[in-house]
C-alpha cells in the first residue's frame, strides 16, 4: 500500500483508531476518520484524541454511524478510498450481556453496511478488528488462529466471531481482500477509561479501592498500543492471500495480580483491593500464539508490560 493512499478508519476517534491515524499521517498516508462520538464514555475524550490530527491537511473527520447508510454514503461518495481499517464497534464484554441487540446492530449490521459500501464503490481491501474474546474459555496453552471458536461466552465475542464469517463470505463472493485482526487486550496512552489498567490506575492514584474479580489468577495477554498500530499497518501491506485471521498480541500473558502489582510499583503506591467473584462473560485467560503474524506480517511486539505501564502512567501525568 503506497504512502499516498487514502485510508478510511471507522471508529477513528477512539483509542486505537486515533493512535493509528496519527501514525499513518507521519507516514504520509491520507486519513479519513469516521466516528459517531457516542456516549459509551465521555465524547470529550475522543475529541481530544483527534485534536492533533485535525491540524494535518491530510486528515478529514466525519461524525457518522456505520449503522446509518446515509452517513456511509456521505463518506464513500465524496472520497476516493483505497483501503479501510474497520475498528468501529460496540466494545466491552460485560455491557454486551445487558444490551445484546445493540451489539448485534452495530457490530454485525454495521459491518455488513461497510462491506456493502466496499462492494458498491470498488474498494478491494480491508483490515478489521476482531477480538481475543472469540476464543472463549479455551483450554489450549496458546490460542492459535486455527482453534475452534464455536463457544463464545458473551454477545460481544459472538458478534466478532460472526464478523469473521461474514467477512470471509464477502471475500469469497466479491474477491475482497480482508484481514481479521484478533486484538489481545490493548493498553497504553488514550486507553478507554472503562478498561482495567486505566480504571485501576485512576483509583490507586485517588486512594480509592479497586474491584478485583476472582482470586487474581486470571491472565491477559496485554498488548501495547504502538505494537498494535505496527501490526495493523503491516496488514495493510500484506498481499499473499485474500483472507486471513491474525492474532495481534503481546506474547507474554500477565496475571491480574501481576498487573496490579506492576501499576503499584510504577506509581509507588499500594492498591486497596475489594475482592469480588468472577463476572459472567469474563474469560479465565488469553494467551496469544503470534507465530502466524510474525511469519506473514513481520509482526514483532517489542514493548514489555512494565515498560508499557511506565509509558502509560507518564502520559497520564502529563
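The values are calculated or read from the model by the stated rules, or taken from the named source; none is laboratory data. All of these numbers come straight from a predicted model, not from anything done at the bench. Note that we place each Cβ from the backbone using ideal geometry, even for glycine, and neighbour counts take in every protein chain shown.
What to note about this one:
- Residue in the stretch 45-60 that is surrounded by 15 or more Cβ atoms within 10 Å (Cβ to Cβ), assigned to a helix (DSSP H, G or I) and touching a strand residue (DSSP E or B) at 6+ places or on another chain (Cβ under 8 Å) present: yes
- Residues of the stretch 272-311 satisfying the condition of being out of contact with any strand residue (DSSP E or B) (no Cβ under 7 Å at 6 or more places or on another chain) and under 16 Å from residue 188 (Cβ atoms): 302, 304, 306, 307, 309, 310, 311
- Scan of the stretch 177-195 for residues that are within 21 Å of residue 251 (Cβ to Cβ), touching a strand residue (DSSP E or B) at 6+ places or on another chain (Cβ under 8 Å) and buried (at least 18 other Cβ atoms within 10 Å of the Cβ), ordered by number: 179, 180, 181, 182, 183, 184, 185, 186, 187, 188
- Residue identified as at negative phi, out of contact with any strand residue (DSSP E or B) (no Cβ under 6 Å at 6 or more places or on another chain) and part of a helix (DSSP H, G or I) among 208, 269, 257: 257
- Residue in the stretch 64-73 that is in a helix (DSSP H, G or I), over 23 Å from residue 236 (Cβ atoms) and either modelled with pLDDT under 95 or in contact with a strand residue (DSSP E or B) (Cβ under 9 Å, 6 or more places away or on another chain) (or both) present: yes
- Residues of the stretch 171-205 satisfying the condition of being more than 22 Å from the chain's Cα centre (by Cα) and part of a helix (DSSP H, G or I): 172, 173, 174, 203, 204, 205
- Restricting the stretch 282-314 to residues that are assigned to a loop (DSSP other than H, G, I, E, B) and crowded, with 19+ Cβ neighbours inside 10 Å, the residue that is modelled with the lowest pLDDT: 283
- Filtered by the rule that a residue be in a loop (DSSP other than H, G, I, E, B), touching a strand residue (DSSP E or B) at 6+ places or on another chain (Cβ under 9 Å) and surrounded by fewer than 19 Cβ atoms within 10 Å (Cβ to Cβ), the stretch 239-254 gives 239, 241, 242.
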